[in-house]
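Read through the structure below, which is laid out as structure tokens, and then see the notes.
The values are calculated or read from the model by the stated rules, or taken from the named source; none is laboratory data. Not measured: the values here are computed from a predicted model. For neighbour counting, all protein chains shown are included, and Cβ atoms are generated from backbone atoms with ideal geometry for every residue, glycine included.
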Amino acid sequence: MAENSLGKTKSMYPKEECGVFAIYGHVNSAELTYYGLYALQHRGQESAGIASFDPCQTHFQVCRGMGLVSQVFDSHSLASLQGTMAIGHVRYSTTGSSTLLNAQPIVVSCSKGELALAHNGNIVNAVSIRRELENKGSIFQTTSDSEVILHLMAQPAQEDTFSSFLNALQRVKGAFSCVLMTTKGIFAARDPLGFRPLCLGKIENSYVVSSETCAFDLIHAEYMRDIEPGEVLFIGEEGLKSYFINVQTTKKAFCIFEYVYFARPDSNIAGLNVSKARIQMGKELAKLYPVDADIVVPVPDSGNYAALGYAEQSGIPYYPAFVRNHYIGRTFIQPTQLIRDFSVRIKLNLIQEAIRGKRVIVVDDSIVRGTTARARVVNLREAGAKEVHIRVSCPPHRYPCHYGIDFPNPKSLLANQLAIEDICKYLGADSLGYLSHEALIKACLEANTEFCTACFTGRYPVDFDPDFDKMILERRSFFEHVTK
Ligand code: AMP
């Protein structure tokens, strides 16, 4: 496989990981949402937005922008977000056409009044629903799958808001953890299989909803419980009401990759702390792939806890020899010939003294395209490592994700293209060991859920549109036959 074909595909696909937050009944709703989004920043760095509502006024206030939470909001924009309820969103929008139009919350005015929606996940039948609605004359504002929920709600006009939301959720398939603000209150809903996390908390007398519990810690909210798969909560004047989407399944399919990589280590999901799961993955990995070595080095930050577990289990000292620069943000400086490995070194640098002459076990959470792992092996060799053994705290990624994580075209997934021995050669390592599927499940045994492991097994818990790819809503040509 050509090196640049692996790297090149990366920018062609969107990343759909997102974070959502909501609060009802608090005078500082927008401010608390802003802090909540700060805590959820790891779930999406492309755009951020908040919509708020003050019952004394008639319209929602909205502020959305491209970039990090700290770049999108300032004291003026926060001051303009008045009201006692608010919802917020952080997103990786489509990389191909990174656009403000796709930033959320999506705010519309329709037969149900004003609505604002923030969604995490992928709706796998969004294309066919959108085609059907466009055939009936709907005009879409965005190229985001989330917008179909609002269009489904808008018609028929005589249906009440609650029924229209529930009916819309019954039509969409795939992954959705979402919050919807109306002028009467806030809905929070999770798809029937519970692919993405969503939890409920309380601050003073107000309810808060967040993708992850780490946002509650920041604002001193008390965690109450996870929102159940298939549950639709309504938070309004009369407090909290819980309903369920009418589906014939008791199966759950929480994305196990949230534990491996995506969620923050200080979050608890389904009763299991994420860092604890990662430490356990590292321990299992050490049992499966032991090797004589001098140090265990994590690839920060995603490999930190698994490396700790590996070191604990193996008795080999843990040494965080890669030093991460936390202050990069976005850089538009082009690497020059003089500094060829600029992009690699600006992010991570090695403590060479710790590495020289050592047999190193380097632990990372996952290998997707292999670009990162390959670069790390080069760094370690240049620093004088005697041996480099790669250990990965999840199984090989062989299949794309259709439910909200950016594992793109199978051709750009290294393990889809190469056998394990060839991956090891490609990475330039002395040995390579991936955690097995069984051991991964074992590491997450304390979680009170079943899992989606489709990216490792190819067994997809929800059928998806075979035409679907993550850029499909970007390609107008796909809809052309609608008008013919
Ligand atoms: P690579 O193998 O170079 O494509 O990158 C794999 C690394 O990227 C892993 O070590 C993870 O820390 C991180 N990663 C894993 N999954 C994703 C994803 N869906 N989007 C962005 N980064 C990811």
**Q.** For L440: the one exception among (1) surrounded by 22 or more Cβ atoms within 10 Å (Cβ to Cβ); (2) closer than 17 Å to T372 by Cβ; (3) at pLDDT 95 or above
**A.** (2)
Q: Could you check how many residues of the stretch 16-63 are of a type in the set (G, A, S), over 16 Å from P105 (Cα atoms) and either out of contact with any Leu (no Cβ under 7 Å at 6 or more places or on another chain) or at pLDDT below 95 (or both)?
A: 1
Q. Of all residues in the stretch 443-460, how many are touching a Ser or Thr at 6+ places or on another chain (Cβ under 9 Å) and surrounded by fewer than 20 Cβ atoms within 10 Å (Cβ to Cβ)?
A. 1
Q) N273 passes all but one of (1) over 28 Å from T182 (Cα atoms); (2) in contact (Cβ under 8 Å) with a residue 12 or more places away in the chain; (3) within 19 Å of the chain's Cα centre (by Cα); which number fails? A) (2)
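In this structure, does Y305 turn out to be assigned to a helix (DSSP H, G or I), closer than 22 Å to F407 by Cα and within 13 Å of the ligand (Cβ to nearest atom)?
Spelling it out, it is not the case that Y305 is assigned to a helix (DSSP H, G or I), closer than 22 Å to F407 by Cα and within 13 Å of the ligand (Cβ to nearest atom).
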Q: Return the only residue of L100, L78 being surrounded by fewer than 20 Cβ atoms within 10 Å (Cβ to Cβ), within 26 Å of the chain's Cα centre (by Cα) and at pLDDT below 95.
A: L100
Q.
Take the conditions farther than 28 Å from N125 by Cβ, more than 13 Å from the ligand (Cβ to nearest atom), under 23 Å from the mean Cα position of the chain (by Cα) and not in a loop (DSSP other than H, G, I, E, B) and apply them to K442. Does it pass?
A. yes
Q. How about the stretch 342-436: which strands (runs of 3 or more DSSP E) wholly inside it have at least 3 residues that are within 14 Å of the ligand (Cβ to nearest atom), in the same structural domain as Q280 (by TED's automatic domain parsing) and not polar (S, T, N, Q)?
A. 359-364, 387-392
**Q.** Residue list for the stretch 130-165, filter: modelled with pLDDT of 90 or more, aliphatic (A, V, I, L, M) and surrounded by fewer than 16 Cβ atoms within 10 Å (Cβ to Cβ)
**A.** I139
